[in-house]
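Everything below concerns the one structure shown next.
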Amino acid sequence: QPIAPFYRYEKKATFYPSDEIMSAPTCSHRRRQRAKTVITTALPWMATAALLLLLSATGGADAARRARSDLIPGNHTSNAAVLVSSSRFWHNYRHVSNVLSMYDLLKNRGGMRDEDIILMIADDMPCNARNPFKNGIFPKTSNGGGGENFYGPDVEIDYRGTDVTVDAFLRVLTGRHRPGERPSRTLSHLSPGTNVLVYLTGHGGDQFFKFQDGEEITAPDLASAFAQMKESGRYNDMLFVADTCQAFTLDPSHPDVHGSDRVRDVTAFGSSLRDQNSYAHHGDTDLGQSVVDRYTFHVSEYLRGRGRGRDALEGVSLKEVMYDNLQNKALGADVGMNDASSRRRTARVPLCDFFCAHVDGGGDGAGGSSVEVLRDRRDVSGVDARRVATTAARSRRLEHKAEYDSEEWVSKNHGEKDKPNEGKWKGVKSSDPRFLLCVVGLLTAVHISSKQ
């Protein structure tokens, strides 16, 4: 059979007349047209979004000012704190970092004196044989020994090693010390006007907290101790903070705890709920250990980001620092908060009511005060952090105290966190130029888009 001829096919070029070349649709032409359409349509919306962001930013500043003015200073006359790290052994390095981070906030930023702070650390981590940087504790990073050291020469540890026991802790709270106890290891000056902070970090479980792996204190034990303190006039308001596994189950004012009905004026925060763990934040390669827990780290860093000295602690509420600040953090657990037994909601309690040295006349930054306060104890030596208030400031404090103690005030402010703000729009008014600018921008965007 004859072999089929081999045909070679060639693509022929198509020629357009000169007047058709410009009108011939091309891919690049279509892309340019689409880009032009997108830009024309999106530009007004982008401008409107920018205006809205500007409005929200200025509105956020207004909200911060409103939150500052909403803070209600307490009627306390002094402050005290009990800080406990109950864990031994090198692998619990982070618990010592936790308690020293809180100690640094109270003393070097809040201006509290060592006489008002009881510091209990169960193991001597700075002198541990495995510690490559002797006399140093680095909650952030050791940096070869050049990091920020929280174990300075001014740190006063009242109970260390085997002295850190459940018995010693309860005696500090209730004031029932053995004869001959050193005054520096007691809080004998507690009074009905003292605000007390109790901070626990270590290992725990469902309604118990371990001391050196040898003994435990339970939530009912804490409830009994706090009730005795209130009945004997050893505190005005109490802040209880626990950073441990299942920390919130230690809350002595929780209804699930036996004896909680006797606990009054206690606000509690826990780094984790029942069946949840509290995790370390980061480790250090030089130390070979996790150096700080997540909850304490984020609380400390949030306040450090606000500035140095007492300024970092003023003008913020307990809820903002101890709860709201942690909602978007990767804690691996849920933070618990309970203020049911307190006379004020946590959103209205100034942080300085518990973390700062008391200044007569309202020097907690919640409002305008004529009292000069010590801003940073690190810059001053031999000066008491407390200042005497002027006569006018003292009279304002007494007037506020009378209002704060009244039953009308308690009934008005109890449950404030869930009460809607009736008859008041927390945003901007319709006559505000920013609001009008955004409305005009939005209408312009809609008008332009409708013509596309």
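Do we find a residue being among the hydroxyl-bearing types (Ser, Thr, Tyr) and either free of Cβ contacts under 8 Å to residues at least 60 places away in the same chain or surrounded by 19 or more Cβ atoms within 10 Å (Cβ to Cβ) (or both) anywhere in the range 169-183? No, because not a single residue in the range 169-183 is among the hydroxyl-bearing types (Ser, Thr, Tyr) and either free of Cβ contacts under 8 Å to residues at least 60 places away in the same chain or surrounded by 19 or more Cβ atoms within 10 Å (Cβ to Cβ) (or both). Annotation note: of Thr218, Thr249, Thr285, the sole residue that is in contact (Cβ under 8 Å) with a residue 40 or more places away in the chain and among the polar types (S, T, N, Q) is Thr249. Among the conditions (1) at pLDDT below 95; (2) within 19 Å of the chain's Cα centre (by Cα); (3) not in a loop (DSSP other than H, G, I, E, B), the only one that Ser290 does not satisfy is (2).
Taking (1) in a strand (DSSP E or B); (2) of a type outside the set (Lys, Arg); (3) open to solvent by 20 Å² or more (accessible area, probe 1.4 Å); (4) closer than 25 Å to Asp70 by Cβ in turn, His282 satisfies each apart from (4). Going through (1) over 26 Å from Leu106 (Cβ atoms); (2) touching a Lys or Arg at 6+ places or on another chain (Cβ under 9 Å) one by one, Asn277 falls short only on (2).
Among residues of the range 203-244 being in contact with a His (Cβ under 8 Å, 6 or more places away or on another chain) and part of a helix (DSSP H, G or I), the one that is surrounded by the most Cβ atoms within 10 Å (Cβ to Cβ) is Ala219. Among the criteria (1) within 23 Å of the chain's Cα centre (by Cα); (2) modelled with pLDDT of 90 or more, the one Gly136 does not fulfil is (1). Residue check: is Ser188 over 18 Å from Gly288 (Cβ atoms), open to solvent by 50 Å² or more (accessible area, probe 1.4 Å) and not in a loop (DSSP other than H, G, I, E, B)? No; evaluated as a whole, the condition is false for this residue. Using the structure shown, decide if Ser260 is within 25 Å of Ser191 (Cβ to Cβ) and crowded, with 21+ Cβ neighbours inside 10 Å. So Ser260 passes the test.
Here's the yes/no breakdown for (1) aliphatic (A, V, I, L, M); (2) farther than 24 Å from Val291 by Cα; (3) modelled with pLDDT under 95:
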site: Gly144; (1), (2), (3): no, no, yes
site: Glu148; (1), (2), (3): no, no, yes
site: Tyr151; (1), (2), (3): no, no, yes
site: Tyr159; (1), (2), (3): no, no, no
site: Thr165; (1), (2), (3): no, no, no
site: Thr174; (1), (2), (3): no, yes, no
site: Pro179; (1), (2), (3): no, yes, yes
site: Arg182; (1), (2), (3): no, yes, yes
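Suppose the filter is open to solvent by less than 20 Å² (accessible area, probe 1.4 Å) and assigned to a loop (DSSP other than H, G, I, E, B); does Asn79 pass it? It is false that Asn79 is open to solvent by less than 20 Å² (accessible area, probe 1.4 Å) and assigned to a loop (DSSP other than H, G, I, E, B).
Here the range 91-147 is the region considered, the condition is being basic (Lys, Arg) and buried (at least 23 other Cβ atoms within 10 Å of the Cβ), and the residue that is farthest from Gly305 (Cα to Cα) is Arg94.
The values are calculated or read from the model by the stated rules, or taken from the named source; none is laboratory data. Because the structure is predicted, anything quoted here is derived from the model rather than measured. So basically every Cβ, Gly included, is an ideal-geometry build from the backbone, and we count neighbours across all protein chains shown. Calculation scope for accessible area: heavy atoms of the full protein, side chains included, ligands and nucleic acids excluded. Shrake-Rupley method; radii C 1.70, N 1.55, O 1.52, S 1.80 Å.
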